[in-house]
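Participant: What follows is a structure written as structure tokens; I'll ask about it next.
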Amino acid sequence: MARVSPLKKTARDMLLSMALIAIPLLLIVLFFPHDTKKPGDQVQTVDYTIPLAQARRAVPFAVLVPEGLPTGWRATSLHTDLAAGAPLRWELGFATPDGEYVVLDQVSGGTGVDGVLATKAPGAVAGGKVTVGGVEWQTYDGSGRRALVRTVAGNAPVGIVVAGTGSLGELELFAGALK
């Protein structure tokens with residue numbers, strides 16, 4: 001009996017081979033878990049209580065956080081830079097109930113405000129002033145982003161920036177809740 005050359009295999013043999021490979025792949029796709037998150041669930045909430053306590057022990061200025069925000073505001077990001085010799089920094093971001101973003105950024109020395117504005121509200125230009133909770137803030141408005149800025153003088157001057165895609169009213173609400 002003569003052997004059939006591998007080059008002379010039929011299309012039927014090729015289809016059987018493809019099916020043999022496709023069946024396990026199909027089973028893997030059907031039975032392995034899928035990402036079932038809804039679009040609104042993509043942003044994780046962060047707990048900032050321990051980093052807040054560490055920052056309050058490490059920096060020479062009052063580290064602020066919002067207290068008493070309405071339901072629906074969620075802390076979603078946290079960044080600290082507490083290295084000696086560099087400007088000390090505390091950054092805490094929140095998602096608003098409408099899905100906008102508001103971030104608090106505190107920088108020691110007060111000179112880091114320009115850098116914070118350049119990244120948090122690029123292209124924003126100074127506007128008027130608003131008083132929130134008895135404190136005067138400088139407003140900045142840019143393409144889709146806005147900011148409230150103030151500097152606290154003292155032994156350790158600190159620049160405070162509340163910025164984001166939220167409305168000016170949301171930024172004022174957030175700034176008024178800082179303690």
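Participant: For the stretch 99-135, what are the residues that are among the acidic types (D, E) and without any contact (Cβ under 8 Å) to a residue 40 or more places away in the chain? Talk me through it step by step, then tell me what you get.
Facilitator: Taking the stretch 99-135 and keeping what is among the acidic types (D, E), we get 100, 105, 114.
Across the stretch 99-135, the qualifying residue is only D114.
Participant: Also, I was wondering about something else. Out of (1) outside any strand (DSSP E or B); (2) surrounded by 15 or more Cβ atoms within 10 Å (Cβ to Cβ); (3) of a type in the set (D, E, K, R), what's the single condition that is false for D114?
Facilitator: Against the list (1) outside any strand (DSSP E or B); (2) surrounded by 15 or more Cβ atoms within 10 Å (Cβ to Cβ); (3) of a type in the set (D, E, K, R), D114 comes up short only on (2).
Participant: Within the stretch 137-155, count every residue that is basic (K, R) and over 14 Å from E170 (Cβ atoms). Walk me through it before giving the result.
Facilitator: Within the stretch 137-155, the first condition is being basic (K, R), and the residues that meet it are 145-146, 150.
Adding the requirement that they be over 14 Å from E170 (Cβ atoms) leaves 150.
Looking only at that region, the number is 1.
Participant: While we're looking at this one, here's another question. Pick from the stretch 143-169 the residues that are hydroxyl-bearing (S, T, Y) and assigned to a loop (DSSP other than H, G, I, E, B): which of them is farthest from the chain's Cα centre (by Cα)? Quick ask: steps written out before the conclusion?
Facilitator: Applying the first criterion (hydroxyl-bearing (S, T, Y)) to the stretch 143-169 yields 143, 151, 165, 167.
Next cut, assigned to a loop (DSSP other than H, G, I, E, B) only: 143, 165, 167.
Details: S143: 18, T165: 12, S167: 17 Å.
Applying the filter and picking the extreme gives S143.
Participant: Do we have V152 as modelled with pLDDT under 95, among the aliphatic types (A, V, I, L, M) and surrounded by 12 or more Cβ atoms within 10 Å (Cβ to Cβ) here? Explain how you work it out, then say what you get.
Facilitator: Details: modelled with pLDDT under 95: yes; among the aliphatic types (A, V, I, L, M): yes; surrounded by 12 or more Cβ atoms within 10 Å (Cβ to Cβ): yes.
Taking the combined requirement at face value, the residue satisfies it.
Participant: Can you go through L92, L64 and tell me which one is surrounded by 11 or more Cβ atoms within 10 Å (Cβ to Cβ), modelled with pLDDT of 95 or more and outside any strand (DSSP E or B)? Give the derivation first.
Facilitator: Working: L92 fails: outside any strand (DSSP E or B).
The unique qualifying residue is L64.
Participant: Does the stretch 67-84 contain any residue that is surrounded by 11 or more Cβ atoms within 10 Å (Cβ to Cβ), at pLDDT below 85, in contact with a helix residue (DSSP H, G or I) (Cβ under 9 Å, 6 or more places away or on another chain) and within 22 Å of N155 (Cβ to Cβ)?
Facilitator: Checking the stretch 67-84: at least one residue is surrounded by 11 or more Cβ atoms within 10 Å (Cβ to Cβ), at pLDDT below 85, in contact with a helix residue (DSSP H, G or I) (Cβ under 9 Å, 6 or more places away or on another chain) and within 22 Å of N155 (Cβ to Cβ).
Participant: In this structure, does L88 turn out to be closer than 15 Å to A177 by Cβ and touching a residue at least 24 places away in the same chain (Cβ under 8 Å)?
Facilitator: Details: closer than 15 Å to A177 by Cβ: no; touching a residue at least 24 places away in the same chain (Cβ under 8 Å): yes.
No, not satisfied.
Participant: Name, by its number, the condition in (1) closer than 20 Å to L171 by Cα; (2) at pLDDT 95 or above; (3) surrounded by fewer than 11 Cβ atoms within 10 Å (Cβ to Cβ) that does not hold for D47.
Facilitator: (1)
The values are calculated or read from the model by the stated rules, or taken from the named source; none is laboratory data. Source: prediction; values computed, not measured. A quick note on method: Cβ atoms are made from the backbone with ideal geometry, for glycine too, and the neighbour counts reach across all protein chains shown.
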